[in-house]
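Just so it is clear, none of the values below were taken in a lab; they were calculated from the coordinates. Keep in mind the model is a prediction, meaning the values are calculated, not measured. Note that we place each Cβ from the backbone using ideal geometry, even for glycine, and neighbour counts take in every protein chain shown.
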Amino acid sequence: MIKHHEILKHEVTVTKEASFWRQLLVSPRFYFAFLFIQVFILATFISTRNFTNYDPMLVIKDQKVQEELFNNTGEHCLAWNTSEPAPETKCAIISPYLIGYRKPVISDEINWEDTLQKYNSVRCGGRFRPSNCKARQKVALLIPFRDRYEHLKIFIHHIHPFLMRQQLEYGIYIIDLDERIQFNRGLLLNVAFLEASKEFDYDCYIFHDVDLLPENDYNLYRCSDLPRHMSVAVDKFNYKLPYVEIFGGVSAMTKEQILFVNGFSNKFSGWGGEDDDMYNRLKFRHMTVLRSMNDVSKYTMLKHKQSPPNPKRFKLISTGMKRVGKDGVKNLKYKVMKRTDYPLYTYVKITL
Ligand code: BGN
C-alpha cells in the first residue's frame, strides 16, 4: 500500500518539475541561449561550406579570349613542336588577361583528372607559352617537394591559369629528395635551378613553396635587375611581413644573380634558416631585395603541421658568410633517381 506521505512526495516532485519547465519557458535567458545555439550552428555550417568555389577558367568573361588563351587541343601531354614558328610580336608588358584579386579555390573537389582536362594547353613537363605573342620572360618555377601531394594538387590547379593569364613562357619543376635523407629546401632549390637550366636558358627562376597560393595575378612572376622577395603578405602572418630580412616562401632571381651568390647553402637540413642565409649572401654581394606592395603580394598558405626546426640553423647562419664560395650551387653533387615529364609538371627525384 502506498503511504500518504509518499504520494505527497511524488506530487511535490511533479509540481517542482512543472514549475521548472514553466520558469524555463518564460525566462528570457532561455530564449537567448536558444538563439545563440542556433546562430552557432548556422555559423559552423556556413564556415564549412566553400563559397569561393568558382572556376578560374570561367572568370575570363570573353569566350573568344578564353579560347585563345587556353588554346584547347583536346589532347594531353603534347611535347613542344620545335618546328612550329613562335610568334614574333612581344606580349604586352601587362597582360590583358589579368583579373586582379581572387581568393584561391581550396576545395576537396579539385582532382587531377579535371585539372588535366582543363589545362590541356600545357605541354609535357608543365610547360606553356602564349599562343598569340612572344612572352617577355621565360620563367622556371622551382618547387622543393616532399610527400605533400594534397598540396601539390591544389597548387598546380591554381598556378597554371595564374601563370597563363600573365602570358609567360614557363616550366614547372617539382624536386623531390630521397626519403632516407632529411628534407633540405636550399639544396633542392639548387638542384632545381641546375636541372631547369640544363633544359632551357630561363630568364627567371622562381623559388616557390608548394603551400603558397598567390591571390592576385598582378603579382607578376618575373625577374628584375635585383632579386625579388614575392611572398610579402601571407595570410598566416596576417598579411604582414614578419621581418624585413625574410626571403623565404616565394622569391625570384635571374641566373646571373643566383650564380653571383653561389645559390643557396646546401647545409640547412630540416626546417628554417636557408632563406635567411640567402638574404645574407645577397647583402654580402651588395644586392638589395625588391618587394611589391602588400596588396598585390598576398598569398594563402595551405594548412600543414609545422616541421621541426633545425636546431643548428643559428650556428649555420652566423658562420654562413665564410662558406659562400664553397657551399652552394657550384659545388653540389647529386644523382638523379627519377626524372619524368608529367603532363602538368616536371618531376625530378634526387639522392646524394
Ligand atoms: C624564420 C625562419 C625562416 C622562415 C621564416 C618564416 C629561422 C632562422 C632563425 C635565425 N628562420 O624564423 O627560415 O622562412 O621564419 O617561416 O628559423
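Work through the residues other than Val234 whose Cβ is under 11 Å from its Cβ and net out their charges, Lys, Arg +1 and Asp, Glu -1. Overall, the nearby charge balance is -1.
Taking each of Lys315/Lys338; Lys267/Lys349; Lys153/Lys305 in turn, the alpha-carbon distance tops 26 angstrom for Lys315/Lys338. Let a ≥ b ≥ c be the square roots of the eigenvalues of the Cα gyration tensor of the stretch 200-352; is it rounded (a/c under 1.5), or, if not, prolate (a/b larger than b/c) or oblate? Judged from the Cα gyration tensor, the stretch 200-352 comes out rounded (a/c under 1.5). Can you grab the distance from the C-alpha centre of the stretch 207-223 to the C-alpha centre of the stretch 105-146, Å, no decimals? Each part's Cα centre sits 13 Å from the other's. Per-residue extension of 0.36 nm, minus the Cα-Cα distance of Leu259 and Tyr31, leaves a gain of 75.2 nm for this segment. Remark: spin-label model distance Ile94-Lys305 equals 4.5 nm, labels positioned 7 Å along the Cα→Cβ axis.
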